[in-house]
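Inspection log for the structure reproduced underneath, given as structure tokens.
The values are calculated or read from the model by the stated rules, or taken from the named source; none is laboratory data. Since this is a predicted model, take the numbers as computed values, not measurements. Please note: Cβ atoms are built from the backbone with ideal geometry, for glycine as well, and neighbour counts cover all protein chains shown. Ligands, DNA and RNA are stripped out before the accessible areas are found, and what is left, the full protein with its side chains, is counted by its heavy atoms. Shrake-Rupley method; radii C 1.70, N 1.55, O 1.52, S 1.80 Å.
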Amino acid sequence: MKNSTLYSKGCAGIAGIVLLFLTLSIPVYAQDTIRVTHNGKQVYELIQLPDTVTVIDTVYVDKPVPEHPHTGRIQAESYADMQGVQTEGDVVGFINPGDWIRYNNVVTGKSLTFRYSNAATVAGRKMQVRRDSPTGAIIGEWTHENTGGWDVWKEATIAITAQYTGDVYLTFSGSEGWVCNLDWLEFSDSSPPEPEPEPDPEFQLRVEKSGTPTSDCRTTPCTTLTRAFQVAASSSQKVNIKVGEGVFVEPQMQVPANVGLVKGAGRDKTIVMGHPSLYAYDRRSYFEKFLLHLEGGGNVTTTFESMSFDGNKKSGGNNASVKGCFAIRDRHGVSLKDVEIRYFNTTAVRLYGVDKFLMEDSRIENSSGIASSFTYYQIEWGNVGGTHTPGQYNIVLRNVDIDAPLFDDGAGMGIINGGPGSYMVNIELDRVRFNVNPGSSDSEGHHFNIEWIYTNAGNVYIHDCFFNSNISFAMEGDALGEFVFANNVMHLPEVANRAPSVPVEMQISNFTAYGNHLINVRNGAFVSSNAMETWASNNYGNTYRRPFKNWNIYDNVIETRATGNSFATGFVGGARWPVSNIRYANNRHISRASHGAAWYCLVTDDTDVATGIDISGNTFEGTFPAGSQLFDPYGPISGGVANGNKSTGNFNVAKPRAGVTITP
């Protein structure tokens, strides 16, 4: 390795000059803070090299590599410290109440499994798992059990109540006597917590309108964000970038994986616009000519915060604005917080091959194109969410406004998935508000808030959102884990003969919906209204034409409207699509119009037998169109039940139906 030297003032030495020998490891620049340690203590610090100091060679400072927390199996005898216990070979024994054992830098999980032996018969002796100290908070406890002998070993598992990374203590309590022998212990479902994106403070870059273009963004701010990214790319450490107030017109920018945080002065204070060289309007834009590219890098954390991005979209012309804003591919851990993305031509955010993404407290406005000849979306993604993990959500939109109210504005839709052969798992939409113009020049055409079709999906949780147009689900196979649609409000248009009219298009299995309020429902609520025999036949053959099953829909409020071109359909079921195992219970239906075609609670396919049907505890209020009743009179049903449904108007809840047992 190479040694480098540095002359400095301010420290004792011959003629006030000290010669430092520093090991080549991490590059340090003249304006960095340099710290030199000896035997673990800081003995020298230089805040900034004065102009009169000469750097003979590039200076490098060693940076300690932090010890990774311990996961997996731990041999009992590998403790860091103890009180009272003894080690015999690879076993810890002679453990009495009052003793303790410490293991350093451990990651706990949801449970602890350990191998032990015990011949003691006295009841009540215990082992506690504590954090920080022998008297710290208890996060797990075990009451000893006799294994039949000190040489008879068993395994036991106890729950851990809180995940923790740090020093873990095993303490022992109870009446005097040996508690147990320990062979090994293992915390399960444990992984080190992800570090926060806080780079070292000496690697902060600034972007200000008052800077000079030749600056390295350390002593004098850069005038462009592009330059800051270029400087960051040359660093071997994480970098924070602070962007001041002003409008910054930038070309296409590659965001290095070592950028931890890009923080502006606030929405509409820091505005990043795309250069006209990025103006384009190509069908299905892929990743060319996006303003910001975050591609590759794997599991890294990059956050954009408190700033606006503007594509400069005009009111006419297909190439009058920047194609897209964020192109994120094969990078897991990007977050957009308190940002606004507006006036882009094809999409605001495009994700592909991304395992983890967060958009929070943010807004998207009119970022899906100008022409109406084809469909674009505000957010597009494919192959996202990582490994299917029930109850864990990796692709999260939280408190986000998706606002695209312009009529016929590039189809103006909300969110779409990646298309045939793709997957999307571990998705959470939490308090997302859609204001997408639902209409088009075709009176029966419409713009979806969500269109997730031709895909493999599962472990999806959509809750506490507001929709002003419908959503469409069409899966390649059964959902990989449950789809949950809960506590949402969907307010469809009130304009006569204006689609959409079916809130949730249901080409899907394993679907749960509860606590939702659907308003201005016209041609069904939770139904598969397409024909299975012909749907998607032009493009995808029989891949998506399959029966669907396992719907649990309960405790929803549905308000209907009706128009002259309504067609007979129902609140749940498959009008021309076979479905089975449907529970539709305790839903409240309110009729706001008495004209139009009859409403049915359940609609069925004309030829395939519907099985596992339970329509119970529902109420129907108001005057419905003539002929409205629980079941349509067409398709076959076998083994269905209908219990305790009530009507306060003319909806017929008692009309007999072949294949169904109806109980008032």
HN-Hα J in Hz across region 461-475 - Karplus 6.51, -1.76, 1.60, θ = phi - 60°, x for Gly and Pro: 10, 10, 8, 6, 9, 10, 10, 10, 8, 8, 10, 9, 10, 8, 9
Contact order normalised by length for region 209-312, with contacts defined as Cα pairs under 8 Å and 6 or more residues apart; what percent is it? 27
So who's got an amide H within less than 5 Å of the one on residue 302, skipping anything under 5 residues away but keeping other chains? H placed 1.01 Å off N, in plane. 334, 335
Ranking 634, 169, 393 from most to least accessible area with a 1.4 Å probe gives 634, 393, 169
Convex hull volume of region 577-653 per residue (C-alpha atoms, cubic angstrom): 80
For region 95-187, whose charge dipole is built from +1 on Lys and Arg Cβ atoms and -1 on Asp and Glu Cβ atoms, the candidate among 124, 142, 107 with its Cα farthest towards the positive end is 107
What is the set of long-range amide H partners of residue 559 at a cut-off below 5 Å, with H atoms built 1.01 Å from backbone N? 518, 519, 520, 521, 590
Just order 134-142, 581-589 by mean Cβ neighbour count inside 10 Å, highest at the front, would you? 581-589, 134-142
Taking 18 Å as the cut-off for C-alpha to C-alpha distance, list the pairs among 263/323; 242/356; 356/549; 238/263; 289/337; 263/289 that go past it. 263/323; 242/356; 356/549; 289/337; 263/289
